[in-house]
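Notes for the one structure printed next.
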Amino acid sequence: MSYHNKRNNRGRNPRKFYHKTKHPAHVVTYAKEGEHPERTIKRFLKKCKKEKVIEQVRKYDYYEKPSVKRKRARARRQAVLKKLNEQNKKT
């Protein structure tokens, strides 16, 4: 198939693009015997948080410029260093 055929078919057959990650998030939680349903939901949410499911979805929700990514990473590093410095001053 030539380049032009691929280009012309894009509008006719739209497909959802799913990003493949190194760690797919297959989070499953089963209710234990006699367990309250709210407790099961809480365990599920805890697993989702641990697997960073929400962060992955938000990451691919919209395009982010590389400069913005670098800026956020720099701010995160500075926050960690600031926290460590504060802990060192207390001890």
### Task
Please work out which one of (1) surrounded by 10 or more Cβ atoms within 10 Å (Cβ to Cβ); (2) at pLDDT below 90 is the condition LEU84 fails and give its number.
(2)
### Summary
Taking the range 59-85 and keeping residues assigned to a helix (DSSP H, G or I) and closer than 19 Å to HIS26 by Cβ leaves LYS59
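The values are calculated or read from the model by the stated rules, or taken from the named source; none is laboratory data. Note that the structure is predicted; figures quoted are calculated from it, not measured. All Cβ positions, even for glycine, are placed from backbone atoms using ideal geometry, and neighbour counts span all protein chains on display.
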